[in-house]
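**Q** Before we start, here is the structure in question, set down as structure tokens.
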Amino acid sequence: MQTPHKRMEVKSRLSRQHGPWFDMYLSSRESVVLNFNPFMSFNPDPKAEYNDQLTRATNMTVSAMRFLKTLRAGYLEPEVFHLNPDKSDTQTFRRLIRFVPSSLSWFGAYMVNAYPLDMSQYFRLFNSTRLPKLSRDELFTDEKAKHLLVLRNGNFYVFDVIDRDGNIVKPSEIQAHLKYILSDNSAAPAFPLAYLPSENRDIWALLRQKLLDNGNEEVLQKVDSAVFCLCLDDFPIKDLVHLSHTMLHGDGINRWYDKSFNLILTKDGNAAIHFEHSWGDGVAVLRFQNEVFKDSTQKPAVTPQSQPAAVDSSSAVQKLSFKLNDALKAGITKAKQNFDATMETLTLDFIQFKKGGKEFLKQKKVSPDAVAQLSFQMAFLRQYGQTVATYESCSTAAFKHGRTETIRPASIYTKKCTEAFVRQPSKHSTEELQQMIAECSKYHGQLTKEAAMGQGFDRHLFSLRYLAASKGIPLPDVYQDQAYAQLNHNILSTSTLSSPAVNMGGFAPVVPDGFGVAYGVHDDWIGCNTSSYPARNVHEFLQCVHKSLEDIFHVLEGKHINS
């Protein structure tokens, strides 16, 4: 990022309206914490000594600012979706496309089935916040703001990370300011404001208006306009389950859930991005995370031996103070009660299947993603004796303003295959089971390409329903059908993002009786981080996933499976 290349002037000619999808997010009145906001945790810095909280927080903040500067200067190359990577995902293609006039470059990419991804979401990464409003929230962005918001022990701090000339503040000064904040022994506020964004959106909207009426307009403006929110936690991570709970929701006092993203660092240097979902999707956030990880580990701004600058941090850092009346204190108390009660019902668990991964599956000529999805179908059938509506997120950023489309992994092929594995394994030869896996893989690949290219049905039906409602047109019978309601009650909600920067990710179930399944298929192992409420047993489900993967791998190896 310090030596940016001028981006390829390649633009997709595919166009989509994005209003309905934004409206779906912003019109939801449920808490954003467990209904929308996901997290992705960073791998540790390969140099162990650089995982010190202050060192890593400084380096990641500086790298985030480098990304911001590169983005706003127009030097950030677009991500490219390659349908034929052997032709387009090559250095030769990249060199050639640079010499093609920008008016024709899109055609050159199209001819080799390469689709530069839409980057319209990226400007919301920084200086952005979701503001609660009655009935429908709003997105707020102020690119002129130069300050960082830091939360520690429920206290709010701000200081400038961009100087008056538009340059990034010296890393040693950022380090000094963060050290000053980490040395502040202030107790947590008696009424932590950070609980409020975890509330029902209409309740939060009314309480925010009370905050404004009570003289908090200036401090809220600083919260809303900050470049991003850096959360410094005062404890180490115990294990992966503790990591998931910490990064998905925390204790409620040290996050600002409405911010475009929170960069979280625990006492032992574990780091994650927790992001608000209405403004954008995983593609933009993952790109940012990849760049921050690469830059902060390969070109760190400070070292563990670096000395903070000799500056007066007490004057540079402002600790924000909020004016609270009895109504606001009561609102915060109620928000805390609701938050704590909800978190007590959420269970998270994680498995690692270490008998193989992407490399083995590709050798067997089956899709790694299809196999992971097949294992979820198989696991649910084994646990509950049925198959259910399943959602897998797929980016449609190949389209202008593209968000997501749904891949529907539950199919006639997965139903046939899962029933053969779970209910009748002895009635089928290994070769027959291998053929069923291959059929599932082929069909899943077809569904994935169709979804990515706008040929799914979920978003089309959603848009038509939205248009009918906006024009006062009675909904067609299909929307009244029980099958449509069942199809959209996604008990298995799944998503995958794999990257050298990412350790794991997670999100909550989208329905009370569902599972939130975040997974990654790595070169030689498969990870699955799953959430549920009391209606489902997440531990048992993951045991069934592990058993299903064992069976699938056994069959692909040509072995018989045990009942």
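Values in this text are rule-based calculations from the coordinates and carry no lab data. Keep in mind the model is a prediction, meaning the values are calculated, not measured. Quick reminder, even Gly has a Cβ in these numbers, built from the backbone with ideal geometry, and neighbours come from all protein chains shown.
**Q** I'd like to compare 219-229, 492-502: which one has the highest average count of other Cβ atoms within 10 Å, and what's the full order after that?
**A** Top of the packing list down: 219-229, 492-502.
**Q** If you fit an axis through the alpha-carbon atoms of helix 412-422 and take the longest principal axis of the Cα set of the chain, what angle between them do you get, 0 to 90°, nearest 10?
**A** Result, in degrees: 80.
**Q** Under a point spin-label approximation (7 Å from Cα along Cα-to-Cβ), what is the His242-His277 distance to one decimal in nm?
**A** 2.8 nm
**Q** Compute, for the chain, the length of the dipole vector about the Cα centre, with Cβ point charges of +1 (Lys, Arg) and -1 (Asp, Glu) only. Units Debye, rounded to 20.
**A** The calculation lands at about 1060 debye.
**Q** Out of Leu232, Ile264, Ile168, whose Cα points farthest toward the positive end of the dipole of segment 167-294 (charges: +1 Lys, Arg; -1 Asp, Glu; placed on Cβ)?
**A** Ile168
**Q** While we're looking at this one, here's another question. Using only alpha-carbon positions, what ratio does the radius of gyration of segment 347-557 give when scaled by 2.2 N^0.38 Å?
**A** After normalising by residue count via 2.2 N^0.38 Å, the value is 1.05.
**Q** Given a Förster radius of 41 Å and the C-beta distance between Ala187 and Val478 as r, what FRET efficiency does 1/(1 + (r/R0)^6) yield to the nearest 0.05?
**A** Details: r = 57 Å, r/R0 = 1.39.
Calculated value: 0.10.
**Q** Using the basic label-point model (7 angstrom from Cα toward the beta carbon), what is the Leu131 to Leu206 distance in nanometres?
**A** About 2.1 nm, to one decimal.
**Q** To continue, here is another question. Over all directions, how big on average is the projection of the convex hull of the alpha-carbon atoms in segment 358-458, in square nanometres?
**A** The number I arrive at for segment 358-458 is 6.9 nm².
**Q** By how many degrees, 0 to 90 and rounded to 10, does the Cα axis of helix 538-556 deviate from the longest principal axis of the chain?
**A** Approximately 50 degrees, to the nearest ten.
**Q** Let me ask something else. Show me the ranking of peptides 205-213, 54-62, 408-416 by mean Cβ neighbours inside 10 Å, starting with the highest.
**A** Ranked by mean Cβ neighbours within 10 Å, highest first: 54-62, 408-416, 205-213.
**Q** Additional query: May I ask you to compute the full-extension gain from Lys294 to Ser463, defined as 0.36 nm times their residue separation minus their alpha-carbon distance, rounded to one decimal in nm?
**A** 57.0 nm
**Q** Moving on to the next point. Hey, what angle do you get for helix 201-213 against the long axis of the chain, alpha-carbon based, 0 to 90 degrees rounded to 10?
**A** The angle comes out at about 10 degrees.
**Q** Sort 351-363, 547-559 by packing, meaning the average of other beta carbons within 10 Å per residue, with the highest value first.
**A** The most tightly packed comes first, giving 547-559, 351-363.
**Q** State the extension gain, in nm to one decimal, for the chain segment bounded by Glu540 and Lys415, taking 0.36 nm per residue of separation less the distance between their alpha-carbons.
**A** Extra length available between Glu540 and Lys415 comes to 42.9 nm.
**Q** Could you tell me the calculated FRET efficiency between Lys267 and Arg164, based on Cβ-Cβ distance and R0 = 25 angstrom, to the nearest 0.05?
**A** 0.15
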